[in-house]
Number of protein chains: 2
Amino acid sequence: MKKYTKYLTIIACLFLLWYSAEGQGEKIARLNLMPLPAQVAVQEGKFPVTVSFTAGIEKKTKADTGRAARAVRRMLKRLAGRTGLFFTDNKIHIKSKSLETALRIRFKREGRLRLGEDETYSLMVTPEYIQLNAETDIGILRGLETLLQLVRADKEGYYFPAVMIEDRPRFVWRGLLIDSCRHFMPVEVIKRNLEGMAAVKMNVLHWHLTEDQGFRIECKTFPKLHQLGSDGLYYTQNQIRDIIAYAADRGIRVMPEFDIPGHSTSWLVGYPGLGSAPGPYTIEREYGIKDPTFNPTIKATYKFFNKFFKEMSALFIDEYFHIGGDENNGKHWDANPKIQAFKQKHNLKDNHALQAYFNKKILKILTKYKKKMVGWDEIFQPELPNTIVIQSWRGKKALREAAKKGYNSILSNGYYIDLAQPTDFHYLNDPIPEDSNLTPEEKKRILGGEATMWAELISPETIDSRIWPRTAAIAERFWSSAQVNDVDDMYRRLDIISFQLEELGLTHIKNQAMILRRLTNGKDTTALKVLVDVMEPLKLYARHHQGATYTFFSPLTRVVDAALPDAKKARIFRKQAAAFVKGNRTKEAAEVLIKDLKLWKENHQNLQPVIVNSPVLKEIETLSKDLAKIADIGLQAVEYILKGKKPGPGWIEENKKVLQDAKKPRGHAELMVVTAIEQLVNACNGDK
Amino acid sequence: MKKYTKYLTIIACLFLLWYSAEGQGEKIARLNLMPLPAQVAVQEGKFPVTVSFTAGIEKKTKADTGRAARAVRRMLKRLAGRTGLFFTDNKIHIKSKSLETALRIRFKREGRLRLGEDETYSLMVTPEYIQLNAETDIGILRGLETLLQLVRADKEGYYFPAVMIEDRPRFVWRGLLIDSCRHFMPVEVIKRNLEGMAAVKMNVLHWHLTEDQGFRIECKTFPKLHQLGSDGLYYTQNQIRDIIAYAADRGIRVMPEFDIPGHSTSWLVGYPGLGSAPGPYTIEREYGIKDPTFNPTIKATYKFFNKFFKEMSALFIDEYFHIGGDENNGKHWDANPKIQAFKQKHNLKDNHALQAYFNKKILKILTKYKKKMVGWDEIFQPELPNTIVIQSWRGKKALREAAKKGYNSILSNGYYIDLAQPTDFHYLNDPIPEDSNLTPEEKKRILGGEATMWAELISPETIDSRIWPRTAAIAERFWSSAQVNDVDDMYRRLDIISFQLEELGLTHIKNQAMILRRLTNGKDTTALKVLVDVMEPLKLYARHHQGATYTFFSPLTRVVDAALPDAKKARIFRKQAAAFVKGNRTKEAAEVLIKDLKLWKENHQNLQPVIVNSPVLKEIETLSKDLAKIADIGLQAVEYILKGKKPGPGWIEENKKVLQDAKKPRGHAELMVVTAIEQLVNACNGDK
């Protein structure tokens, strides 16, 4: 207790210092933390990291120190990895009395992996020691990640800057959905992404495990599910247990999703008798909404699910089970006279009512096995009690409606990271917008949100670059205050976090160069990289409407797959061009534009010989040509603007057509600097 | 049969064409195959790869087509991945009658994973179809890898050049040892390296699973082995079964190594009563030869091994079990009076005799479980029958001796890839040198060889760059004829194979850039890369003698870990400098040298500001400075040579000192262009 009192006194003093200090906000920004903690006070001084760095956990209660110790072990490994230091003492000291280690950890109890568990922590770095305190060891995990983000270096060596941090999450549900069905994601993909999630303090892996395209879990009660429904691509129960334990060690819950009654073709391959059409069924190879669906009118279906969920309830220890429930088109229900008769008999006016009937039956089964039901918007039907949780893919309106009616809900609309939208779009999408008009009680029912990594267009090679770094910004949205919403500062910190995430094995940076090497067949990738840097994959669902049909077998190794959502180079150029157009006409402002434009203008002639020898690049040949053309236009426009001259009458018309053409998708991707060059062209006429 | 006749006629015709053709050798070289097949004939024409590519297997016998079909599925995925083609037919056609697919596969029986199994195949690419035939499906696997190496492109698209290939391995045992003990290697590391092995037709994974530093297998009979001996870093039996199946699917045997009686500290942590010293034992954190060893004089030891090998024999299905047997220093035997008394009583004159006594007992146990014993040189004792296999780490002399005495043997001496030696050193190390003086019968007893990836200085992040690409050249040594030994051509093809290996998930290329980014703390890595490109890790065991003690906890993330064995840039410079010195004084020859030297001369001033902000780089600061200095000397030397002028009397002496200093290791690494610049300096005096 003595220590605590001292500690509290220090906190009080420091906060005084904080309020009186100048430029505290700037100092905090420079810490480059993401998500930004609830309270940060930057102090004078630093704690140097040397070979004598030590770590210890104070064990005063009966709480198991195992998880915390393993986390400290991992933290030390990352710290050694970054600093190259050979620590002389690699023991994690566990003592009941006061610690004299460099890092001193104290928590009261083992955290349980349940919704709303305490994740608060306080972190104090002084020149003498580092104190990390929390109610639970899960809070300790969160604090260790903050500590690792604090490492910096100067001429004297590595150090932690002196700070006082008090931190806690805004939302209790901060999730990432990974779809292991459309493309199977091996165990290591899941594990490295769990590491990434932990690094940005996310706490729910929503694991989408069944789909038309594959049933991805070993099922012992109904083995034909995985044997016939997966092409051999499924997780064994041992692997699932391993992943759940791995997640638990990082304070992350694993919620499985078994999508029913639609999206279920792969289930019906082995058990066609449970389908609404006669069958037989084969694993679906294409994407989109398919007809197969469970027959909700026969007893066999519920007998099946009773046994199925009994087995899965024992395997997946989380309290929440997601049953999907989305996009059941009802065609097979309509086509089946017996199902129609059943509806009439039971007074079920439409297929929605029939699905509600099904959901109620499923809810009863889940409740029996002590699980809480989660589902997509479609399960939000008045017939269902408000113990269920609604996950909204449709929008915030649905979320608000659910909250008002007493339902807990999670937002995913606006966090569909498979749609290749820019980070700031997701970042500024708040689960509870300021104008939400909800009571505090209702607000509490909005549990948080989830980024969704649907897998139609990703492979184990590209998934990381679709999740990261954008999801780190989403994680900040879920953890930090709603007032933390400076987009420029987010992008600045995101670059740093993105690079730090690499040490966890994530491939979001390094795989691009590899894909480019493959695309050029081992030849120089410089010119291709220049092009790819200003390209993005088509947004929303446009990649599916380009003349080619994506299937389970389609290659995801093309230029579009190397291109990144929210291309940084293009984003910066757009910003610089906009500033120039708006009136920043300094020599420097013009020069940065001219430098890029010249590079792009010359680039096609460098890329051309590479394309000749790599037929896979043919599809972006005209895109590359267009970049050269519009860069040339941009150069001319900048010159007109600088000279204050107006172009001749035909010039703008002629070039607008070229710019229009340059907007056309090629290779399922698009150039991301066309609008910026358009702005430059318009500015020649004095438009801003 | 009709088809076969036709096929044979074609073969005959083609060989006629082959012999009469000009430049056949050159054409073969241009195919860039590695390992080079036994017989290749390049034809006119090509088979185009288009979206209509199809594949089928002719099923005439009862042989299971599962493994072959899975291999074709993987092959199609890689082919689509490289070409970006959306194949319209993704079925593997399995028919009993003649196939009309593009790729037509025929084999007689399922290959068994046993020593000497038939791996021959013949591959014929014609403009109309591709025929791949083999005795076993393992031969088919080998042929599919050759086919994938054949893919090329021209303006019209991707294609396979028309060829006739008849291929079979020179040695039956072509192995890679992976040490999962000094550093634990997760499942995915093993799997991606199995993929790499399969790509270059290796067929044995020698899995080093127990060591002083860790016991890495779940053991159900004696659970304290993995529970107390592994820090939680071990493979579950399910993971082991998964890996064995994964290897089997690629035609690779998995031979476990349980290193006894020495190298066994981790076993004794849980079972100290079996040790030769009183104990207790703790997991060893440092490297080198340690004292702990099993007590070979007590019954409990053999009772233990009897049960242990019973369990492991069921788990590891391979016929061969490696028992290590190396580097038992006998200190604990000497110090134990009871062991001394036992030796006297049983007339065992020294510790070698005692170990032979132990080995005989172990052999009996293994034989009972139908396993054949393999061990390092040390187990080669006249007391043991010649059913055992000797693996030589000591040298070819031992190998020859064993062969002459009727023992089967495997060579590893000369293939220690952990020692950071150049590829050509390993490549030219033939298991049966021309002067071996062995009879054909004795030669047959040399089964092959193994590259050994010991893990003291590697982590999951760096292991691939230590294995690949050098092991591809070793694989060629084991597969191809002894006459295939053109070093320049090997290096040329190695570059291509290395880049192809990336598609299997291997990280040997991409992780370097990642480590450099971490070292510069996200700053520009250009200057660091220039330096690292001419650096190599210290060779042999020198890294252990630089003042720092490597332990299990030491970071393997420093500049030395980013540096690659056999640095390509440095190798090429040395070659170009040597040619220049020897008399190639063309302008071009000088210019390539000058270009590199200028780059290096300027590099330190670019790297210096990066070092200032990255303390982890401090250790190579003077090395970087030295590179600048010697590059300047090199530039002066080239100038003297070009001008035909001799430098003043002091110049050479003075600079030789600088060059001498530049040879000193820094950061456990060394510059690899010093000798080349020395040659240039010497050449100023007219030396060649």
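The values are calculated or read from the model by the stated rules, or taken from the named source; none is laboratory data. Only a predicted model underlies this, so the values are computations on that prediction, with no experimental measurement involved. Heads up, the Cβs are rebuilt from the backbone with ideal geometry, glycines too, and the neighbour counts pull from every protein chain shown. Side chains are part of the model used for accessible areas, which takes the heavy atoms of the whole protein and leaves out ligands, DNA and RNA. Shrake-Rupley method; radii C 1.70, N 1.55, O 1.52, S 1.80 Å.
Here are the numbers for this structure:
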quantity: Electrostatic dipole magnitude of the range A:127-171 [Cβ: Lys, Arg +1; Asp, Glu -1; Cα centre; debye, to 20]; calculated: 180 debye
quantity: Cross-link pairs B:K220/B:K360; B:K539/B:K601; A:K155/B:K598; A:K444/A:K569; B:K62/B:K201; A:K601/B:K568 - those with Cα-Cα distance over 30 Å; calculated: A:K444/A:K569; A:K601/B:K568
quantity: Probe 1.4 Å - accessible area at A:V42, Å² to nearest ten; calculated: 30 Å²
quantity: Among A:100-113, A:535-548, the order from most to least packed when residues are scored by Cβ within 10 Å on average; calculated: A:100-113, A:535-548
quantity: Under the Karplus curve 6.51 cos²θ - 1.76 cosθ + 1.60, θ = phi - 60°, whole-Hz ³J(HN,Hα) for the range B:201-210, x wherever Gly or Pro sits; calculated: 6, 7, 10, 9, 9, 9, 9, 7, 10, 9
quantity: Mean projected area (nm²) of the alpha-carbon convex hull when chain A is viewed from all directions; calculated: 34.5 nm²
quantity: Shielded by partner chains, the range A:474-519 residues - at least 50 Å² of accessible area, 1.4 Å probe, vs chain alone; calculated: A:F499, A:E502, A:K510, A:M514, A:R517, A:R518
quantity: Approximate spin-label separation A:T88-A:T367, in nm, with each point projected 7 Å along Cα-to-Cβ; calculated: 6.4 nm
quantity: Cα centroid separation - the range B:30-53 against the range B:397-416, whole Å; calculated: 36 Å
quantity: Heavy-atom surface of the protein assembly as shown, accessible at 1.4 Å and reported per residue (Å²); calculated: 39 Å²
quantity: Principal axis box of the range A:118-204, alpha-carbon based, largest edge first, Å; calculated: 51, 33, 18
quantity: Estimated vicinal HN-Hα couplings, Hz - the range B:81-95 in sequence order (Karplus 6.51, -1.76, 1.60; Gly, Pro = x); calculated: x, 7, 9, x, 7, 8, 4, 7, 10, 9, 7, 8, 6, 10, 9
quantity: Spin-label model distance (nm) - B:N682 vs A:E653, 7 Å beyond Cα toward Cβ; calculated: 7.6 nm
quantity: Net charge over other residues, Cβ less than 10 angstrom from the Cβ of A:N655 (K, R count +1; D, E count -1); calculated: -1
quantity: Cβ neighbours within 10 Å from other chains - mean over B:552-560; calculated: 5
quantity: Protection proxy ranking of B:260-268, B:229-237 - average other beta-carbon atoms within 10 Å, highest first; calculated: B:260-268, B:229-237
quantity: Isotropically averaged projected area of the range B:396-529, using the convex hull of Cα atoms (one quarter of hull area), nm²; calculated: 9.8 nm²
quantity: Against the rule of thumb 2.2 N^0.38 Å, how large the Cα Rg of the range B:188-304 comes out; calculated: 1.17
quantity: Cα-derived Rg over Rh, computed across the range A:141-190 with Rh taken as Kirkwood radius; calculated: 1.19
quantity: Over 27 Å between alpha carbons, listed pairs B:K299/B:K349; B:K510/B:K582; B:K364/B:K404; calculated: B:K510/B:K582
quantity: Positive-pole candidate from B:G650, B:I677, B:S614, dipole of chain B, charges at beta carbon; calculated: B:S614
quantity: Portion, in percent, of the accessible area of chain B that falls on carbon or sulfur, probe 1.4 Å; calculated: 54 percent
quantity: Hz values of 3J(HN,Hα) by residue in the range B:98-113 - Karplus curve (6.51, -1.76, 1.60), Gly and Pro given as x; calculated: 4, 8, 10, 6, 5, 9, 10, 10, 9, 9, 8, 8, 6, x, 9, 7
quantity: About the Cα centre, charge dipole magnitude for the range A:2-167 (Lys/Arg +1, Asp/Glu -1 at Cβ), debye; calculated: 760 debye
quantity: B:S276 accessible area, assembled protein chains, probe 1.4 Å, Å²; calculated: 10 Å²
quantity: Amide H contacts under 5 Å for B:E450, placed H, 5+ residues apart; calculated: B:G175, B:L411, B:S412
quantity: Shielded by partner chains, the range B:601-638 residues - at least 40 Å² of accessible area, 1.4 Å probe, vs chain alone; calculated: B:V612, B:P615, B:V616
quantity: Distant-in-sequence amide H partners of A:C219 (H built 1.01 Å from N, under 5 Å); calculated: A:H226
quantity: Charged-residue dipole, Cβ positions (Lys, Arg, Asp, Glu), the range B:380-423 about Cα centre, Debye nearest 20; calculated: 220 debye
quantity: Antiparallel bridges, percent of DSSP beta bridges restricted to the protein assembly as shown (to nearest 5); calculated: 40 percent
quantity: Accessible area buried between chains A and B, both sides summed, probe 1.4 Å, in Å² to nearest 100; calculated: 3600 Å²
quantity: Proximal aspartates and glutamates relative to A:K60, as straight alpha-carbon distance under 14 Å, when same-chain residues fewer than 8 apart are discounted; calculated: A:E110, A:E135, A:D137
quantity: The range B:102-117 versus the range A:164-203: alpha-carbon centroid distance in Å; calculated: 44 Å
quantity: Size-normalised alpha-carbon gyration radius of the range B:616-688, reference 2.2 N^0.38 Å; calculated: 1.16
quantity: 5 Å-binned pair-distance histogram of the range A:433-511 (Cα, whole percent); calculated: 3, 12, 20, 19, 17, 12, 9, 6, 2, 0
quantity: Around A:R492: net Lys/Arg minus Asp/Glu count, Cβ-Cβ under 13 Å; calculated: -2
quantity: Cα convex hull volume per residue for the range B:511-683 (Å³); calculated: 117 Å³
quantity: Amide H partners (placed H, <5 Å) of A:N329, local residues excluded; calculated: none
quantity: Whether the range B:173-488 is rounded, prolate or oblate, judged on the alpha carbon gyration tensor where a/c under 1.5 counts as rounded; calculated: oblate
quantity: Per-q log10 I(q)/I(0), the range B:453-606, q = 0.08, 0.17, 0.20 Å⁻¹ (Debye; single scatterer per alpha-carbon; no solvent); calculated: -0.29, -1.20, -1.38
quantity: Per residue convex hull volume, Cα atoms of the protein assembly as shown, in Å³; calculated: 223 Å³
quantity: For the range B:293-359 versus the range A:613-683, the gap between their alpha-carbon centres in whole angstrom; calculated: 77 Å
quantity: For chain B, with +1 on Lys and Arg beta carbons and -1 on Asp and Glu, the positive-most of B:L274, B:I458, B:A570 along the dipole; calculated: B:L274
quantity: 7 Å along Cα→Cβ, label-point gaps from B:N584 to other copies, nm, shortest first; calculated: 5.1
quantity: Viscosity 1.567 mPa s, 4 °C: Kirkwood-radius Stokes-Einstein D of the range B:2-167 over Cα pairs, µm²/s; calculated: 80 µm²/s
